[in-house]
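Data first, discussion second: the structure below is written as structure tokens.
The values are calculated or read from the model by the stated rules, or taken from the named source; none is laboratory data. Computed from a predicted model, the values in this text were never measured in an experiment. Backbone-built Cβ (ideal geometry, glycine too); neighbour counts: all protein chains shown.
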Amino acid sequence: MGLPLSLQAVVDGMNDPEVLALPPHLRRQVLFDRAAPAKYLGSILVLDASGKIVIDSGRNVPRLGNFSDLRYFTAQRDNPNAGLYISEPYTSRLRNDSPSIALSRRLSHPDGSFAGIVLVAVNLEYFHMLFAGLSLGPHGAVSLIGRDGIVVMRQPYDVRTIGRDISKATGLTDLTVVADRGYFKSEEVLQCDEAGITAFVPKPLTSGKNADGYFGKQDFVYVAGDDEYLCPAHGSRTAPSIH
């Protein structure tokens with residue numbers, strides 16, 4: 001399960017009175033059973049309306065800490081419709097000041113008032129290692145930039161660029177992503193929409209027309225030796241002029 005869906009599962013659990021009534025060790029298992037640990041991820045934390053840690057996926061007794069001053073908290077507190085919030089880079093107080101970004105979702109009381117947040121931190125070393133494996137060529141570069149214009153990571157790596165606001169320098173106003181056929185899920189397209197990112201997806205290759213014997217060019221296999229195409233319906237062959 002992806003991080004945004006793991007956070008949403010915790011939000012749903014926090015809205016279930018039966019889950020909240022469980023003993024701490026059982027409640028933690030129920031809330032975080034779908035959250036797989038990973039090298040570059042921090043614990044999933046639940047903060048109350050004051051910013052205090054009240055539930056910690058990493059231990060039954062939550063660590064001490066208050067994060068009401070950080071943007072991933074105030075953004076959710078001040079906007080009931082913030083949805084999934086992705087923060088700018090910051091130094092984690094719980095993980096030896098390691099550079100990180102946070103993903104957060106809002107918790108609300110039944111009347112809609114602010115009840116706290118659910119969050120998970122991602123160590124920026126993850127993006128550093130990911131980008132370092134790219135073959136960019138001698139003059140190539142790649143950057144990960146938030147929709148607010150904040151630089152999250154860059155390769156070639158330069159620590160001075162991390163967290164820099166380039167929105168005015170680039171004229172950045174909108175972000176778009178292109179999904180590779182076969183390498184995306186509908187949930188990820190929804191997450192892009194929630195984050196204000198326009199996602200372009202490929203046209204499906206299949207449809208109900210196939211059942212009626214209608215096929216597109218991609219369904220025919222070309223037999224080079226005979227200069228013919230193999231029909232997917234009956235295995236018969238046809239001339240190469242297919243439209």
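With the requirement that a residue be modelled with pLDDT under 75 and surrounded by 15 or more Cβ atoms within 10 Å (Cβ to Cβ), what does the range 195-214 give you?
ALA195
Out of SER87, SER100, which single residue is closer than 25 Å to ILE145 by Cα, surrounded by 19 or more Cβ atoms within 10 Å (Cβ to Cβ) and without any contact (Cβ under 8 Å) to a residue 24 or more places away in the chain?
SER87
Being assigned to a loop (DSSP other than H, G, I, E, B) and under 20 Å from HIS109 (Cα atoms) is the filter here; which residues of the range 1-27 pass it?
Correct list: ASN15, ASP16, ALA21, LEU22.
Only residues in the range 147-165 that are farther than 10 Å from HIS128 by Cα count as the first member; pair them with residues that are of a type in the set (S, T, N, Q), Cβ under 7 angstrom, at least 6 apart or cross-chain, and list the lot.
That search, which allows pairs on different chains as well, returns ASP148/SER167; GLY149/SER167; GLY149/THR170; VAL151/SER143; VAL151/THR161.
Quick one: which of ARG71, ARG154, ARG93, ARG63 is out of contact with any Cys (no Cβ under 6 Å at 6 or more places or on another chain), buried (at least 17 other Cβ atoms within 10 Å of the Cβ) and either on the phi > 0 side of the Ramachandran plot or basic (Lys, Arg) (or both)?
Of the residues listed, the single one that is out of contact with any Cys (no Cβ under 6 Å at 6 or more places or on another chain), buried (at least 17 other Cβ atoms within 10 Å of the Cβ) and either on the phi > 0 side of the Ramachandran plot or basic (Lys, Arg) (or both) is ARG154.
Consider the range 167-190. How many of its residues are surrounded by 11 or more Cβ atoms within 10 Å (Cβ to Cβ) and at pLDDT 75 or above?
The qualifying residues number 4.
Among the residues of the range 116-137, count how many are crowded, with 19+ Cβ neighbours inside 10 Å and over 19 Å from the mean Cα position of the chain (by Cα).
Of the residues in the range 116-137, 1 are crowded, with 19+ Cβ neighbours inside 10 Å and over 19 Å from the mean Cα position of the chain (by Cα).
Find all pairs meeting these conditions: Cβ atoms under 7 angstrom apart; at least six residues apart or on different chains; first residue within the range 190-209 and assigned to a loop (DSSP other than H, G, I, E, B); second residue modelled with pLDDT under 70 and aliphatic (A, V, I, L, M).
ILE197/LEU175
Would you point out which residue out of ARG71, ARG63, ARG59, ARG27 is touching an Asp or Glu at 6+ places or on another chain (Cβ under 8 Å), farther than 28 Å from LEU190 by Cα and either modelled with pLDDT of 85 or more or not assigned by TED's automatic domain parsing to the domain that holds GLY146 (or both)?
ARG63
Search the range 126-143 for residues that are free of Cβ contacts under 8 Å to residues at least 24 places away in the same chain and pair each with any residue that is β-branched (Val, Ile, Thr) and surrounded by 11 or more Cβ atoms within 10 Å (Cβ to Cβ) when their beta-carbon atoms are under 7 Å apart and the residues are at least 6 apart or on different chains.
LEU134/VAL142; LEU136/VAL142; SER143/VAL151
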